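In what follows, a structure is listed as structure tokens, so that the remarks can point back to it.
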Amino acid sequence: MTRRQIMLVFWGVMLAMLLAALDQTIVATALPTIALDLHGIQHYAWVADAYLLTATITVPLYGKLSDMYGRRVLFLVSISIFLAGSALCGLSQSMTQLIGFRALQGFGAGGIIPLAQATIGDLFSARERGRYAGYTGAVFASASIIGPLVGGWLTDSVSWRWIFYINLPLGALALFVIGTRMHLPFRKREHQVDYLGAAVLTFSVVCLLMVAIWGGVTFPWASGQIVGLVLAGAVGLGIFVIVECRAAEPIIPLGLFRDSIFNVTAGTAFLFGVAMFGAIFFIPLFMQVVVGVSATNSGIVIMPLMLGWVATSVIAGQIVSRTGRYKLLPIFGSFVVVFGFYLLTRLGVASSQGAGILDMVVLGLGMGMVFQIYLVAMQNSIKPKDMGSATATVQFFRSMGATFGVAAFGTIFLTRFTAQCVQRLGAAAAECANPSRLLAGTTTSVGPSAHAEAVRLSLSSSLHDVFLGTLWVALIALVFAFLLKEKPLRTTSNVSAALSSEVGPVAEEGAQEAGEATVERTPTGQRAQ
């Protein structure tokens with residue numbers, strides 16, 4: 001492939017990541033308004049969890065299928081499903097409908113980021129990949145800067161429904177670029193899709209997620225329902241390991257877990273997923289209800305997080321490409337992240353918008369030195385043939401962390417908020433089965449001021465507990481950073497190795513058996529997917 005062809009594919013992939021990045025942050029700032037408009041603040045976490053759950057359980061399947069059938073086809077399918085879900089979300093008339101359509105949207109989103117990351121792993125050598133991983137982080141974070149602002153402005157000025165409709169033109173452009181420009185070397189061979197493994201994994205994750213959502217709120221922790229779900233999830237995970245050991249082509253190759261760098265990367269991805277999304281989805285609620293800013297201004301608070309992320313992700317990528325070393329960056333970045341989450345725990349009813357902005361700057365500076373560097377280290381360590389599965393598995397752990405983080409912290413928030421309101425308002429709060437009614441006096445200035453102040457104090461206290469939880473998770477992630485080993489970075493990309501190999505191209509991710517190769521050539525004689 002010529003340099004021009006490689007860069008066209010790269011920018012097509014960046015466009016797809018832009019789509020996914022916008023959706024994550026543009027929804028976060030609108031969630032408080034959506035939940036109150038559809039009378040479902042008690043389902044606040046579900047709007048995020050429905051999306052994250054389906055996105056999580058489909059990540060390994062997308063990764064495996066892309067190793068088997070090629071990136072391009074899976075990219076087109078995932079983006080198309082995502083756009084269909086976006087359109088339906090904008091048409092939702094109830095929280096139940098919105099949650100269902102968010103789940104459909106997640107089925108498509110589950111393939112976008114891991115496919116993009118695996119494709120970058122194909123196109124560039126590990127040494128060169130540091131630079132482009134920095135650009136990836138910059139594009140992702142730049143989109144996330146625009147997302148909160150656009151989401152807040154649309155919510156305040158037009159309607160929250162347009163935060164979903166805005167995905168449609170951008171997605172159409174991404175479909176066009178990837179459909180017409182993405183032509184990578186591809187080896188076609190017979191495959192066996194591990195559908196049983198995917199089904200068992202989905203069952204296990206759903207059971208454990210229900211524990212995080214229902215435990216202590218819908219059912220007591222010691223109830224038969226919660227204990228039964230825990231046992232079902234544990235048994236399901238055990239069966240999943242057995243199925244994967246016997247599968248001809250497992251959806252998550254268990255051999256990946258023999259690599260210590262992969263284990264550290266996957267574990268850290270899970271932990272930062274828990275902490276990061278636990279903060280992102282509750283910061284707008286804190287700013288809008290406790291501090292009293294508009295949806296647009298709550299987006300401005302999140303924006304510095306992404307600005308800091310952009311700056312350090314580009315710098316970190318350049319450092320890795322120039323020096324060939326990466327270990328110290330995640331360690332230093334994790335320290336900064338811990339300090340950022342500590343600052344979040346200091347927010348209270350007397351805090352200003354400026355305090356929230358400062359906290360987000362620190363958090364973003366740390367995150368920019370962590371995520372992409374871990375991915376570079378992992379892709380450098382694993383075998384090329386497992387690139388797609390390994391990258392998707394890491395994304396699976398990060399998505400699973402985000403899913404459990406939003407669910408668990410949502411449960412903490414709802415439990416603590418209700419208890420604090422009952423303590424401050426007594427019977428008036430106890431009669432409100434729907435917490436949205438408690439917040440109504442605060443957000444619409446209806447009702448006695450004493451009521452509004454009590455609800456505001458209760459919300460601040462409950463969100464303090466959420467942020468305290470994210471701090472403890474970040475501290476565990478810091479320990480993981482010290483366990484990351486450093487290996488020399490490879491200087492040859494998988495695509496280059498495929499095109500120069502005497503046995504023919506590899507299956508987008510790496511070499512398979514040479515006798516199975518089937519090479520398709522374009523009229524110009526170049527290999528194409």
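Here are some notes:
- Peptide ranges 169-176, 83-90, 254-261 listed from the most packed, as the mean C-beta count within 10 angstrom indicates: 83-90, 169-176, 254-261
- The calculated FRET efficiency for ALA419 paired with GLN5, based on their beta-carbon distance and R0 = 56 Å, is about 0.40.
- Distance between the stretch 314-338 and the stretch 402-424 - C-alpha centres, whole angstrom: 35
- Residues of the stretch 330-364 with an amide N closer than 17 Å to a point placed 7 Å from the Cα of GLU453 along the Cα-to-Cβ direction: 349-351.
- For the pair TRP221 and ASP465, a Förster radius of 25 Å applied to the C-beta separation gives a FRET efficiency near 0.90, rounded to the nearest 0.05.
- Each peptide among 109-122, 323-336, 289-302, 217-230 gets the average number of other Cβ atoms lying within 10 Å of its residues, and from highest to lowest they stand as 109-122, 289-302, 323-336, 217-230.
- Pairs beyond 19 Å (Cα-Cα), from LYS385/LYS485; LYS64/LYS487; LYS327/LYS487; LYS327/LYS385: LYS385/LYS485; LYS64/LYS487; LYS327/LYS385
- Mean Cβ neighbour count within 10 Å, used as a protection proxy, ranking 28-35, 98-105, 416-423 highest first: 28-35, 98-105, 416-423
- Segment CYS245-VAL479, length gained on full extension (0.36 nm per residue, minus Cα span): 81.2 nm
- Using a Förster distance of 22 Å, the FRET efficiency for SER80-TYR195 (Cβ separation, nearest 0.05): 0.55
- Classified by the C-alpha gyration tensor, the stretch 183-312 has an oblate form. Its axis ratio a/c, with a ≥ b ≥ c, is 1.5 or above, and a/b does not exceed b/c.
- Seen from GLY108, the other residues with C-beta closer than 14 Å to its C-beta sum to a net charge of 0, counting Lys and Arg as +1 and Asp and Glu as -1.
Laboratory data are not the source of any read-out in this text; all were calculated from the coordinates shown. Just so we're clear, the structure is a prediction, and the values are computed from it rather than from any experiment. FYI the Cβ positions are ideal-geometry reconstructions off the backbone, even for glycines, and counts take in every protein chain you see.
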